[in-house]
Every structure is written in structure tokens, then in C-alpha cells.
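Everything on this sheet refers to the single structure shown next.
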Amino acid sequence: EIIITPKMSFGTGHHATAYGMMKAMLSLDFQEKMVLDMGCGTAVLAILAHLLGSNKVIAIDIEEWAYNNALENISMNGSSNIVVHNGGKEKIEGEFDIILANINRNILIQDMYAYSSHLLQSGLILFSGFYEQDLDLIKQEANRQGLKYISHNSKNNWVTAKFQKL
């Protein structure tokens with residue numbers, strides 16, 4: 001069970017994108033993994049990564065109120081291995097085994113090079129925040145960035161897609 005006070009932030013786990021991300025996360029091995037949660041909102045995905053055994057989680061959001069809300073939610077859930085930053089892709093440092101990016105189609109495409117450059121070889125990345133009709137655009141950009149399409153799930157026309165760095 002994860003306790004979330006959403007305030008103005010996105011990510012209670014009830015929207016189809018957060019649901020899809022959490023469903024995909026439950027099928028992955030997070031044990032001792034380094035995880036990046038881009039566009040963390042409430043930090044619900046970062047908290048779940050912690051609960052699933054990740055070694056360390058970096059959570060980043062561009063909105064200051066989301067950053068503050070993420071800190072509160074992390075504290076309420078006792079997730080001490082999560083570090084939160086306020087900003088965008090420029091705040092990404094290091095390399096990650098798993099990247100979670102539930103943002104929107106345009107930002108995902110625009111910033112995918114940054115995500116890919118911080119993903120370890122054979123690392124996994126989950127993208128969500130876009131519609132089924134946008135999956136081909138995401139796949140095309142992912143391919144340009146050295147990411148191989150693995151699978152996807154969808155709910156109410158919202159997609160969560162899994163890719164692996166080649």
C-alpha cells in the first residue's frame with residue numbers, strides 16, 4: 001500500500017497511464033537496481049520502485065509544487081532511498097538500470113536522447129503519457145536512440161511501452 005496526497009501533482013495511480021506504468025513495473029526485477037523516475041509528480045512510481053527493491057531512485061519533476069509534493073509523499077511512505085530534484089533532463093546524472101517516464105508524447109520524443117544516454121546497456125525504459133495512435137512515433141524515436149521495442153499495454157487508449165537499450 002502506497003500513501004499519496006496528490007495536492008496539485010499528477011500521479012495517484014488511478015489514471016490509465018499511472019496504472020499502466022505500475023502494471024508494467026510489477027513484471028520487472030527492481031532488486032538492487034538504480035532507477036530514474038522522470039516527471040515524477042507525486043512520486044508514486046518512485047515509491048513503488050523502492051517497495052519493489054530498488055537500490056536507489058532518483059525522481060525529477062520540472063514543477064516546484066510537484067517536487068515539494070513528492071518529498072512529502074516519500075516521507076509519508078518511509079522511502080529513504082529516493083532523492084528528488086526540481087528540474088528537467090538537465091538534472092539527470094549517472095546511469096540507470098530502469099528509467100520510468102510518464103510524461104507526454106512531445107516531451108518524451110524531445111528528451112528521449114537524454115534518457116537513452118543515461119540508460120545502462122540492456123537497461124529498460126518504460127514510457128507512458130501518450131495515446132495508442134502515437135505509439136509508432138514513440139517507437140521511431142526510440143529506434144533512433146538505440147532503444148528496442150519490447151512490448152506495451154494499454155488502457156482507455158493510453159499506452160505504456162517497454163523498451164530496452166541495445
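For a test of understanding, tell me how many lysine pairs in the chain have Cα atoms under 19 Å apart, given they are 8 or more places apart or on different chains. Number of lysine pairs found: 15. In the chain, Cα pairs under 8 Å separated by at least six residues give a relative contact order of 22 percent. Potential lengthening of the chain between Asn55 and Tyr149 amounts to 31.3 nm, from the contour at 0.36 nm per residue minus the alpha-carbon distance. For the chain, the longest principal axis of the alpha carbon atoms and the long axis of helix 135-144 meet at an angle near 80°. Compute the acute angle (0 to 90°) between the alpha-carbon long axis of helix 64-76 and the principal axis of greatest extent of the alpha-carbon atoms of the chain; round to the nearest 10°. Here the helix axis deviates by roughly 60 degrees.
How big is D for the chain, in µm² s⁻¹ as a whole number, if Stokes-Einstein is applied with the Kirkwood radius of its Cα pairs at 25 °C and 0.890 mPa s?
Values: Rh = 15.3 Å.
For these conditions, the coefficient is 160 µm²/s.
Accessible area per residue for the chain, computed on protein heavy atoms with a 1.4 Å probe, is 47 Å². Surface composition of the chain: carbon plus sulfur atoms contribute 49% of the solvent-accessible area (1.4 Å probe, protein chains only, all chains present).
If you count the DSSP beta bridges with both ends in the chain, what percent of them are antiparallel, to the nearest 5? Present the calculation step by step, with values, prior to reporting the outcome.
Working: 15 of 35 bridges.
Antiparallel bridges: around 45 percent, rounded to the nearest 5.
The values are calculated or read from the model by the stated rules, or taken from the named source; none is laboratory data. None of these values were measured; they are calculated from a predicted model. Each accessible area value is taken on the protein alone, full model and side chains, heavy atoms only, with ligands, DNA and RNA left out. Shrake-Rupley method; radii C 1.70, N 1.55, O 1.52, S 1.80 Å.
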